[in-house]
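No value in this document is a laboratory result; all are computed from the given coordinates. The structure displayed is predicted, hence computed values, not measured ones. Heads up, the Cβs are rebuilt from the backbone with ideal geometry, glycines too, and the neighbour counts pull from every protein chain shown.
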Amino acid sequence: MTTPLRYSLTSLVFLMATGCGGDSSGSSASRTINSMPSEAAFYDEDGVLLSRMSFQYPDELTISVQLQAAGEDTTLDTEDDTSHPYLQCLYMSAPTPLLRYPDLYFLDMYRTPLGAAALAQLGIPGNGVMKCPRRSGLRLQQESGYVSSLFTPDVGDSFSYVINAELEHFGATATEVVSYELVGLDRTVVEAKALIDYEYPGEDDVPFSEPDMPIVVDHTQVTTVLYDVEQRPLSIDLSADSVWTAVLDEYCVDGDSLDIHVMLLRTCSSAREIRSYRYIDDSVEQDVQSYNGSNPAGIYTSTATRQANSVIVHSGTVDDGPTSGTGYRSYPFNESEQVTAEVSNSYGFDTIWGTEDDLSIAFDTYHYDENGRLSEVRFATEIVQAYDYYRTGQLKQVDEFDSQSDVPAKRTLISYRHGSPAKVTVQWRAEDPDDGYVLRTRMVIDFAPSEETWPSLFLPVVQFPELPPNVSDLIRFQPVR
């Protein structure tokens, strides 16, 4: 089933920063002055400065971010420091933004334990390397950057990349060509396996003599989107061309899937994908046709339906209904159309719906304060995220927890100047031999005034958890932008 789209909390931060006047103390201001990041500093657990970034905006179409990192002596501002163009963003004026549909190669690798570990080892975050922000009235034309650890700059792999995008928009059709060039990624499948200490069932039984290829390779992906008169997607055709395409052709048709997934560090069905949509009253059906290389690998249909108090997402068509399979997802929402939970529904051991052993488990629940602001996210009975706000309504603090300690695993603090972010401070939990677990600052981002209104908070590293799903997006299956 397709994962529903979720908004980043950065959008919420921006809305709070620009929608409410006042600074962090709650005093009012006559107008909001927008801001943009100017410098970021990164520290180790002992508070030693390891690297820093400086942000430049030489013209209205360009963003340049320079990274200065400590060398082998792990001390910044010494002779062995290194300097890299961490991020370069080049835009052009255009009403249509870059589609930025998820890169199936990177995303697909994350679906295998070895592939996920390999990408993490190479420093590729999330499901891709793109970090340039969206900007109103502009489209990203080229992104180039440098990927390495910001907290251990002298350890591990690093590489550079260039992403070029071309977009053609003809009324109801948009075609986007995105080419990736990755420089410095020479780790092969065999080398990755030798370096990754990861237990995986059946791994010892898999021959790894072939293919000894780079685990990430340069490629070009082409996304074509066909829209209806309401600008809803009717079809999305994404294809990626690289040397992995031929490998998938060879290995993914008759081979054992477990062996393939381990040997290729990725699942099959990743070279091409076609999504088709049908809109029926309050429902939308989505067909996903995937391919192993150039060979069709099956089609999967799913449906999302808006009901009076919830959205139901299930396999099959509208006519099949949610109980046509073994289970479905439901997203109840309140009178303000805020999703309050993500619920997994399934039948029990009797494999019959509507009996006593049916199961409904709310994995995530979302709680709001009296002002309708997100206050907590819980997994079962445990708090995993907690939110605090200034009197102005602006986001003040986000705590993220795990089961190890009552001390947050991570705390993000935001201060404001004239209604816009002035500083973002990120703390991670560290173990103190005398005081147990404590929070220590690992990153500080300073902001300077800006004439531009940014559609989301632009950060060099994504720092916020995802918001609850949006009711509208749950039934749209829109491409990620």
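Taken about its Cα centre, the range 9-474 carries a charge dipole of roughly 1880 debye when the Cβ of each Lys and Arg holds +1 and the Cβ of each Asp and Glu holds -1. From the square roots a ≥ b ≥ c of the eigenvalues of the alpha-carbon gyration tensor of the range 9-474, which class results: rounded (a/c under 1.5), prolate (a/b over b/c), or oblate? Cα axes put the range 9-474 in the rounded bin.
For the range 390-404, the Karplus equation 6.51 cos²θ - 1.76 cosθ + 1.60, evaluated at θ = phi - 60°, returns couplings of 6, 4, 6, x, 6, 5, 9, 7, 10, 10, 10, 10, 9, 7, 7 Hz by residue, with Gly and Pro reported as x. Computed 3J(HN,Hα) for the range 220-228, one whole-Hz value per residue from the Karplus formula 6.51 cos²θ - 1.76 cosθ + 1.60 where θ = phi - 60°, is 10, 10, 10, 10, 10, 10, 10, 10, 8, glycine and proline marked x.
Around the Cα centre of the range 351-481, unit charges on the Cβ atoms of Lys, Arg, Asp and Glu (plus for the first two, minus for the last two) sum to a dipole of about 760 debye.
Close amide H pairs (under 5 Å, H built 1.01 Å from N) link Gln141 with Leu90, Tyr91, Met92, residues at least 5 positions away or on another chain. As a proxy for reagent exposure, Ile274, Ile361, Ile445, Ile63 were ordered by neighbouring Cβ count within 10 angstrom, fewest first; the result is Ile361, Ile274, Ile63, Ile445.
Around the amide H of Gly316, modelled in the peptide plane, lie the amide H atoms of Thr301, Ser302, Thr303, all under 5 Å away and 5 or more residues distant in sequence or on another chain. The H on the amide N of Arg442, modeled in the peptide plane, is under 5 Å from the matching H of Val426, Gln427, Trp428, each at least 5 residues off or on a different chain.
Derived scalar couplings between HN and Hα for the range 107-116 equal 4, 5, 5, 5, 7, 10, x, 5, x, 4 Hz in order, rounded to whole Hz, by the Karplus curve 6.51 cos²θ - 1.76 cosθ + 1.60 (θ = phi - 60°), x for Gly and Pro. Since only Ser64, Thr78, Asn34 are under comparison, the one whose Cα sits farthest along the positive direction of the charge dipole of the range 33-86, derived from C-beta charges on Lys, Arg, Asp and Glu, is Asn34. Applying both filters, DSSP loop and at most 12 other Cβ atoms within 10 Å, to the GluC sites (Glu not before Pro) of the range 257-353 gives Glu335, Glu337. Going from the residue with the fewest nearby Cβ atoms within 10 Å to the one with the most, Glu370, Glu72 rank Glu370, Glu72.
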